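Trainee: Have a look at this one before I ask anything.
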Amino acid sequence: MPDQAEGLRQLVRRLNVQGPRPRPDEPAPGRRARTVAVTGGKGGVGKSSLAANLGLALAAAGRRTLLVDADLGLASADLLLGVRPRATLAEVALDGLEVREALVPVAPRLDLLPGASGVADLADLTPVARQTLIASLAGLDGEYDVLLVDTAAGAGEQVRAFLRAADRVLAVTTPDPAAVTDAYALFKLLAAEGHRGLGLTVNMARSEDEGARVAGRIAQVARRYLGAEIELLGSVPFDWQAAAAVRARRPLLTAAPFAPASHAVRRIGERLKSWALPAVREGERGGLMAWLAGCCNA
C-alpha cells in the first residue's frame, strides 16, 4: 500500500506540472473539463439512461463530452448506447491499461469510458486503487468540455468518492416517496461534506407540474434544514418510448427523437451546458485534480 500511494502522489505531481496531453484538434492548454456526477439515492430511477442521453444532448449542443460509467459493479451505459467496448474500466483500474485505450466513440463529440459488470475486484476497489483511477480520468481534463460521470446508486464510499471529485452533482429521483426520501438523504450527506454544486432532476413525472412540485419540495426542505441550495434542472415525463428504447438497446434521443421525454432531456441538456461550466479564475484547478491533490497530500 505505501508503494502504491507513493506512485499515486508521483502521478499527481506529474499531472500538475505537465498538465494533460492535448489532442491535435483541441484548443490551447489551460482548458479543463468540468465534471458532473449523475447519481441517485436509489436504483430504478432511470439515472443511467438519463446520463447516456444527456451525454448525447451535450454533444449535439457542441460540448465535447466524455461519459464515464462509474457504476463499478453493475455497468450498463454500453448497453444503453448500443456499443460493444473492447476494454472497460476493469482493465484500466486493475490491469493498468492506459485510459485512452478504453475510450469508445459513440457520436460526434461524445466518447464513452465503459464500466464492467460482475467484476468483484472492480466493485471493491481499495481507496488507493480508486484514487489511481480518478487520477487517470484527471489526465483527460484538457480533452473534453464535460466529464459526465454516471455513478452507482446509493451513498456508499465508492459513490461518494466520485461525488467529492465532481464540480457538480446532479441527483435523479422519481415522484415515488421512497426515491424522494433517498434523494434527500443523499443531499444531506453531500451538504454535510460541504458540497455546494448540487442539482436535481425528476424523472418519470406524470406531468410537468408534478415534477416541479416534487423538485420544489426537496429544494425547500434542503434549504431550510440543510442550508443547501439545490439547482432545479427540470423534469422528464413518463414516456413508454423511453422504456422501449432501453429494451432495444438504443438511446432515447436517437430511437425516438421527437418523444416528449426526448424534448425534456434536450431542455435539461441546455441548462446543463451553463450549469456545468461556471466561471473559473485563471490558473485555477478544480474538480478531479483539486480533489485528487487534496486526498493525496493529506
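Trainee: Would you mention how many residues in the range 79-124 are closer than 21 Å to A33 by Cβ and among the charged types (D, E, K, R)?
Mentor: Counting residues in the range 79-124 that are closer than 21 Å to A33 by Cβ and among the charged types (D, E, K, R) gives 5.
Trainee: Okay, moving on. Residues being of a type in the set (S, T, Y) and more than 19 Å from V106 (Cα to Cα): count how many of those fall in the range 130-150.
Mentor: Taking the range 130-150 first, the residues of a type in the set (S, T, Y) are 132, 136, 144.
Within this subset, residues satisfying the condition of being more than 19 Å from V106 (Cα to Cα) are 132, 136.
Looking only at that region, the number is 2.
Trainee: With the requirement that a residue be in a helix (DSSP H, G or I) and surrounded by fewer than 21 Cβ atoms within 10 Å (Cβ to Cβ), what does the range 87-98 give you?
Mentor: Filtering the range 87-98 down to residues in a helix (DSSP H, G or I) leaves 89-95.
E91, L94, D95, listed by residue number.
Trainee: Pull up the range 148-177, narrow it to residues that are of a type in the set (V, I, T) and closer than 21 Å to A215 by Cβ, then point me to the one that is modelled with the lowest pLDDT.
Mentor: Here is the first cut: in the range 148-177, the residues of a type in the set (V, I, T) are 149, 151, 159, 169, 172-174.
Going one step further and asking which of them are closer than 21 Å to A215 by Cβ, we end up with 151, 169, 172-174.
On the way: T151: 92, V169: 95, V172: 97, T173: 97, T174: 97.
Step by step, filter the range 148-177, then rank; the result is T151.
Trainee: Here's another thing I want to ask about it. From the list T88, T132, pick out the single residue that is modelled with pLDDT of 85 or more and hydroxyl-bearing (S, T, Y). Reasoning before the result, please.
Mentor: Working: T132 fails: modelled with pLDDT of 85 or more.
The conditions single out T88.
Trainee: Those residues that are within 19 Å of the chain's Cα centre (by Cα) and surrounded by fewer than 21 Cβ atoms within 10 Å (Cβ to Cβ), I need them from the range 189-213; list them, please.
Mentor: Within the range 189-213, the subset within 19 Å of the chain's Cα centre (by Cα) is 189-191, 193-203.
Answer for the range 189-213, where residues must be within 19 Å of the chain's Cα centre (by Cα) and surrounded by fewer than 21 Cβ atoms within 10 Å (Cβ to Cβ): L189, A191, E193, G194, H195, R196.
Trainee: Same structure, new question: Give R84, R63 a once-over and let me know the one that is assigned to a loop (DSSP other than H, G, I, E, B) and crowded, with 21+ Cβ neighbours inside 10 Å. So that I can check it myself, show each step before the final result.
Mentor: Details: R84 fails: crowded, with 21+ Cβ neighbours inside 10 Å.
After ruling out the rest, the residue left standing is R63.
Trainee: Among helices (runs of 4 or more DSSP H) lying entirely in the range 205-263, which contain 3 or more residues that are under 23 Å from V180 (Cα atoms)? Quick ask: steps written out before the conclusion?
Mentor: On the way: elements: 208-226, 240-247, 252-255.
So the answer is 208-226, 240-247.
Trainee: Condition first: under 20 Å from the mean Cα position of the chain (by Cα), modelled with pLDDT under 95, of a type outside the set (D, E) and farther than 26 Å from S76 by Cα. Can you find one or more residues in the range 264-276 that meet it?
Mentor: Yes, there is a match, as at least one residue in the range 264-276 is under 20 Å from the mean Cα position of the chain (by Cα), modelled with pLDDT under 95, of a type outside the set (D, E) and farther than 26 Å from S76 by Cα.
Trainee: Can you go through V119, V104 and tell me which one is touching a residue at least 12 places away in the same chain (Cβ under 8 Å), in contact with a Pro (Cβ under 9 Å, 6 or more places away or on another chain) and not hydroxyl-bearing (S, T, Y)?
Mentor: On the way: V119 fails: in contact with a Pro (Cβ under 9 Å, 6 or more places away or on another chain).
Step by step, each of V119, V104 is checked, and only V104 is touching a residue at least 12 places away in the same chain (Cβ under 8 Å), in contact with a Pro (Cβ under 9 Å, 6 or more places away or on another chain) and not hydroxyl-bearing (S, T, Y).
Trainee: Taking the conditions exactly as written (among the acidic types (D, E) and at pLDDT 85 or above), does E101 satisfy them or not? First the steps, then the outcome.
Mentor: On the way: among the acidic types (D, E): yes; at pLDDT 85 or above: yes.
Judged against the criteria, E101 is a match.
Trainee: Also, I was wondering about something else. Cβ contacts < 6 Å: first residue at positive phi, restricted to the range 177-188; second residue in a helix (DSSP H, G or I), any location; separation 6+ or different chain. Result?
Mentor: Pairs that qualify, where the first residue is at positive phi and the partner is in a helix (DSSP H, G or I): there are none.
Trainee: Here's another thing I want to ask about it. So V180 clears everything in (1) more than 20 Å from T35 (Cβ to Cβ); (2) surrounded by fewer than 20 Cβ atoms within 10 Å (Cβ to Cβ); (3) among the aliphatic types (A, V, I, L, M) except one condition, right? Which one?
Mentor: If we test V180 against (1) more than 20 Å from T35 (Cβ to Cβ); (2) surrounded by fewer than 20 Cβ atoms within 10 Å (Cβ to Cβ); (3) among the aliphatic types (A, V, I, L, M), just (2) comes out false.
Trainee: So, in the range 216-240, how many residues would count as being surrounded by 16 or more Cβ atoms within 10 Å (Cβ to Cβ), under 16 Å from H263 (Cα atoms) and not charged (D, E, K, R)?
Mentor: So the answer is 6.
Trainee: Only one of G96, G73, G44 is within 26 Å of Q241 (Cα to Cα) and not basic (K, R); which? Before the answer, list the steps.
Mentor: Values: G96 fails: within 26 Å of Q241 (Cα to Cα); G73 fails: within 26 Å of Q241 (Cα to Cα).
Among G96, G73, G44, only G44 is within 26 Å of Q241 (Cα to Cα) and not basic (K, R).
The values are calculated or read from the model by the stated rules, or taken from the named source; none is laboratory data. The structure presented is a predicted model; accordingly, all values stated were derived computationally and were not measured. Here the Cβ is made from the backbone with ideal geometry for all residues, glycine too, and neighbour counts use every protein chain on show.
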